[in-house]
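Asker: Following this message is one structure expressed as structure tokens.
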Amino acid sequence: MDGDLAVSAWAQAQPQAMRMVLEQVTRNPVPDICPWRAFSDPIVVAVLDLMALTDGDNIAAAVTSSLPNVVYEGALHYRRARNSVERDRRLRENQAREQNGAR
């Protein structure tokens, strides 16, 4: 039974730990919602569609007069967060290579 409690406590701590890392890396607060539920939000769906359409790069070229500004702003926010995560990943990989090379 003690093992079950330890696993349960670990499982409950993981979302909070992930939230802390995401907030640190992206420098943005992470909403306290189920991440999977966000995928049913029409604005999130439109942002992800726009990112797929533009490969996340030239967002402004895909903007039309019918595109709501909130979707454009959401795509810019998504790109900034993605770039922050990529930058953090590269930094960690470089640090790991330097540590492995120093041994």
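The values are calculated or read from the model by the stated rules, or taken from the named source; none is laboratory data. Keep in mind that what you see is a predicted model, and the values were worked out from it rather than measured. Don't worry about glycine lacking a Cβ; one is built from the backbone with ideal geometry, like all the others, and counts go over all protein chains shown.
Asker: Would you point out which residue out of 48, 53, 67 is of a type in the set (A, V, I, L, M) and within 26 Å of residue 18 (Cβ to Cβ)?
Answerer: That would be 48, the only listed residue that is of a type in the set (A, V, I, L, M) and within 26 Å of residue 18 (Cβ to Cβ).
Asker: Every residue in segment 58-82 that is of a type in the set (A, V, I, L, M) and within 15 Å of residue 42 (Cβ to Cβ), please.
Answerer: Result: 67, 70, 71, 75.
Asker: Further question on the same structure: Test of understanding: among 87, 79, 37, 27, which residue is modelled with pLDDT of 80 or more and on the phi > 0 side of the Ramachandran plot?
Answerer: Sole residue among the options that is modelled with pLDDT of 80 or more and on the phi > 0 side of the Ramachandran plot: 27.
Asker: Also, I was wondering about something else. Residue pairs, Cβ under 7 Å, 6 or more apart or interchain, first in segment 13-40 and among the acidic types (Asp, Glu), second in a loop (DSSP other than H, G, I, E, B). List them.
Answerer: Partner pairs satisfying both residue conditions: 23/29; 23/30.
Asker: Kindly list the number of the only condition in (1) of a type in the set (S, T, N, Q); (2) modelled with pLDDT of 75 or more; (3) part of a helix (DSSP H, G or I) that fails for residue 8.
Answerer: It is condition (2) that residue 8 fails.
Asker: Could you pull out the residue among 70, 63 that is touching a helix residue (DSSP H, G or I) at 6+ places or on another chain (Cβ under 9 Å) and at pLDDT 85 or above?
Answerer: Residue meeting the stated conditions: 70.
Asker: Can you name the residue in segment 73-103 that is in contact with a helix residue (DSSP H, G or I) (Cβ under 8 Å, 6 or more places away or on another chain) and aliphatic (A, V, I, L, M) and is also nearest to residue 51 (Cα to Cα) among such residues?
Answerer: 75
Asker: Note down all Cβ pairs under 6 Å where the first residue falls in segment 78-103 and is among the hydrophobic types (A, V, I, L, M, F, W, C), the second is assigned to a helix (DSSP H, G or I) and surrounded by 10 or more Cβ atoms within 10 Å (Cβ to Cβ), and they're at least six residues apart or on different chains.
Answerer: If the second residue must be assigned to a helix (DSSP H, G or I) and surrounded by 10 or more Cβ atoms within 10 Å (Cβ to Cβ), the pairs left are 81/26; 85/25.
Asker: Next question. Take the residues in segment 31-68 that are part of a loop (DSSP other than H, G, I, E, B) and within 17 Å of residue 80 (Cα to Cα); name whichever of them is nearest to the chain's Cα centre (by Cα).
Answerer: The qualifying residue nearest to the chain's Cα centre (by Cα) is 31.
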